[in-house]
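**Q** The structure's right below; bear with me while I get my questions together.
Laboratory data are not the source of any read-out in this text; all were calculated from the coordinates shown. Everything numeric in this text was worked out from a predicted model, so none of it was measured. Note that each Cβ is placed from the backbone with ideal geometry, even for glycine, and that neighbours are counted across all protein chains shown.
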Amino acid sequence: MCRSLTKLAFFILFTTLPVVAVAQPSSAQAAAERLARSLAGHITSGDQASFRKFVDENFEAGFRQRAMSAHFGFFNSMHDQSRGLEVIEVQDWEENAVTLLVKNKLTGLYDGLYVRITRDAPYKIAGIGLRPPRGEPSSAKALSVREMAAELAAFGKKLADVDVFSGSILLAKDGRVVYKGAFGMANKDFNVSNKIDTKFNLGSMNKMFTGVAIAQLVEKGKLSYDDPLSKFIPDFPNPEAAKKIQIKHLLTHTAGLGGYFSERYWSSSRDRIRTVDDMMKLAREDEKDVRFEPGSRWAYSNTGMMVLGKVIEVVSGQSYFDYVRENIYKPAGMTNTDCYELDKVNTNLAVGYDKRFTDNGIEWGNNIFAHVMRGGPQGGGYSTVEDLLKFDQALRSGKLVSPATFKLITSPKPELNSPEYGYGFGFDAGLNVTGHSGGFPGISSNLDMYLGSGWTAIVMSNYSRGSGPITQKMRQLIAASTEK
């Protein structure tokens, strides 16, 4: 599940290097630019045979062999979602690396195409990926809400018509809906269309509900952000770590726990994983392995959020699912949100789809046997765009937590080495936006809550990586809005 609302859901195949200020590109940087431009050209052509030859000739041996499927996943996804890239200029020079500002020919939006090469000649590509665009030309005029709605509707239809997007979209200002629409298919087998009340998988967006639940219990005096995990789970597999891990570390992904989707998960029978205790059993081996001193660094952890679900059960005396249903969904008026058991009858649930690029063309696969049987504290529940707006408004209005607590949980925690994440909420300082995203094969969702202006932008998709272009478009429209 996806890590932060500011990260695009593409394969990121590199380690970021520090930016080095240089007056002129070095020979290595010139080589990086040449290879980056060539990569952009191959993405534009969409020719898989040509790209394979490019990889064989220009990728460093270890990098090439380690992630060939990921290389082709990146290539095919980029071509499919852009239909070609126009290189605008060099966005950044780095040591042995370059980021090109590129324009997406399908959407008209911009990305930063990153290429890192080996330090020594003959230079070979050692990392590729995407970075947020910076310095893109601005041709956007100031738009009224009526114009924003029309443009967003046309944009959603354009992407749906070429089968790049399937899902629902909602844009609101101060709780008032500016635009909402649904596109594509909820179920391809039976040709069922998506609707506004179609329930989409949230992915990691459930982490917001877990963060709010903990905050409510803190407000009631039932626990503290500084409490050690050992206070609530004395039989935690790593007793020494449990004494050091505090609630705030689990909320900010700084506890040092792992990712939950381990080999043990993939080899387990999903129908036996329905309660938080079932999830705890699955992650027991992972819990023994604390990767770093709590609070010393940030590493996204589904396991950490799942453990918080158990803390909520211990403190509240209720199951996680009952607590969240009664204390978050019900007061917010979220009637179409829950962690449904997927082997039971559940109305209006979208099936998740992943587009696969083969030698015989595009094939679609569903995620029915890849994802969890039931979502939980770490993610995997279902909701609608309208329910997420209700959640947004309940949070802002003080219905779920006090205004002071709302500010606390949505603010980053640099003192815990969490500069872009609060207590279950991501934060983008440049946009002054909080919220969360969710991603998995067949799942791609995002909630942007603009803290200064009152805008709310929501997109839920049952296509892998489907929400990214819509999220980017709504951010562009909000930036150009006449209603600041």
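**Q** Lys355: which aspartates and glutamates have alpha carbons under 12 Å from its alpha carbon, excluding same-chain residues fewer than 8 sequence positions away?
**A** Reachable aspartates and glutamates: Asp80, Asp163, Glu363.
**Q** For the stretch 359-369, just list the computed ³J(HN,Hα) in residue order, Karplus coefficients 6.51, -1.76 and 1.60, θ = phi - 60°, integers in Hz, with x standing in for Gly and Pro.
**A** With the stated coefficients, the stretch 359-369 comes to 5, 9, x, 7, 10, 9, x, 8, 9, 4, 9 Hz.
**Q** Could you tell me which of Phe72, Gly221, Ala150 has its Cα farthest along the dipole of the chain towards the positive end, charges placed at Cβ (Lys, Arg +1; Asp, Glu -1), taken about the Cα centre?
**A** Working it through, the farthest residue towards the positive pole turns out to be Ala150.
**Q** While we're on this one: Using the Cα centre of the chain as origin and beta-carbon charges of +1 (Lys, Arg) and -1 (Asp, Glu), tell me which of Gly422, Gly365, Leu85 is placed farthest towards the positive end of the dipole.
**A** The residue sitting most towards the positive pole is Gly422.
**Q** I've got another one for you. For the stretch 179-257, what number of Lys pairs, 8 or more residues apart or on separate chains, have alpha-carbon atoms under 19 Å from each other?
**A** Count of close lysine pairs: 13.
**Q** Can you compute 3J(HN,Hα) from phi for each residue in the stretch 429-444, using the Karplus curve 6.51 cos²θ - 1.76 cosθ + 1.60 with θ = phi - 60°, rounded to whole Hz and x for Gly and Pro?
**A** Karplus-based 3J(HN,Hα) across the stretch 429-444 equals 5, x, 8, 6, 10, 10, x, 6, 10, x, x, 5, x, x, 9, 7 Hz.
**Q** Would you give the gap between the C-alpha center of the stretch 156-195 and the C-alpha center of the stretch 344-378, rounded to a whole Å?
**A** Using only Cα atoms to place each centre, the spacing works out to 17 Å.
**Q** Turning to a different aspect of this structure: Using Cα-Cα distances under 8 Å and only pairs 6 or more residues apart, what relative contact order does the stretch 27-131 have, in percent?
**A** The value is 32 percent.
**Q** For the chain, what's the relative contact order in percent, using C-alpha pairs closer than 8 Å and at least 6 residues apart?
**A** Details: 1017 pairs, mean separation 91.0, N = 484.
So the answer I get is 19 percent.
**Q** Tabulate in residue order the Karplus-calculated ³J(HN,Hα) for the stretch 180-190, using 6.51 cos²θ - 1.76 cosθ + 1.60 with θ = phi - 60°, rounded to whole Hz; enter x for Gly and Pro.
**A** Coupling constants for the stretch 180-190: 8, x, 10, 9, x, 10, 7, 8, 6, 4, 10 Hz.
**Q** So if a site counts as exposed when it's one of the chymotrypsin sites (Phe, Trp or Tyr not before Pro), its DSSP state isn't H, G, I, E or B, and it has at most 12 other Cβ atoms within 10 Å, what's the longest stretch of the chain without one?
**A** Longest gap between qualifying sites, sites excluded: 1-189.
**Q** Moving on to the next point. Report, in cubic angstrom per residue, the convex hull volume of the C-alpha atoms of the chain.
**A** Values: hull volume 71.6 nm³, N = 484.
Each residue corresponds to 148 Å³ of Cα convex hull volume.
**Q** Quick one: which residues, 5 or more positions from Trp455 or on another chain, have an amide H under 5 Å from its amide H? H modelled 1.01 Å from N in the peptide plane, none for Pro or chain starts.
**A** Answer set, sorted by chain and number: Asp174, Tyr450.
**Q** Just to confirm a number: summing +1 for Lys and Arg and -1 for Asp and Glu over residues other than Thr337 whose beta-carbon lies under 11 angstrom from that of Thr337, what do you get?
**A** Net charge in that neighbourhood comes out at +1.
**Q** About the Cα centre, and with charges only on the beta carbon of Lys, Arg (+1) and Asp, Glu (-1), how big is the dipole of the chain? Nearest 20 debye, please.
**A** Working: 58 positive and 52 negative charges, 106 e Å.
The dipole magnitude comes to about 520 debye.
**Q** Here is a further query. Decide, for the stretch 27-131, between rounded, prolate and oblate: order the square roots of the alpha carbon gyration tensor eigenvalues as a ≥ b ≥ c, take rounded if a/c falls under 1.5, and otherwise choose prolate if a/b is larger than b/c, else oblate.
**A** The shape class here is oblate.
**Q** Taking the Kirkwood radius as the inverse of the mean 1/r across Cα pairs, report the Rg/Rh of the stretch 201-479. List each step's numbers first, then the result.
**A** On the way: Rg = 18.1 Å, Rh = 19.1 Å.
Reported Rg/Rh, Kirkwood definition of Rh: 0.95.
**Q** Need the list of aspartates and glutamates near Lys413 for cross-linking: C-alpha distance under 20 angstrom, and skip anything on the same chain fewer than eight residues off.
**A** Within the straight-line cut-off, Lys413 pairs with Glu219, Asp226, Asp227, Glu293, Asp428, Asp448.
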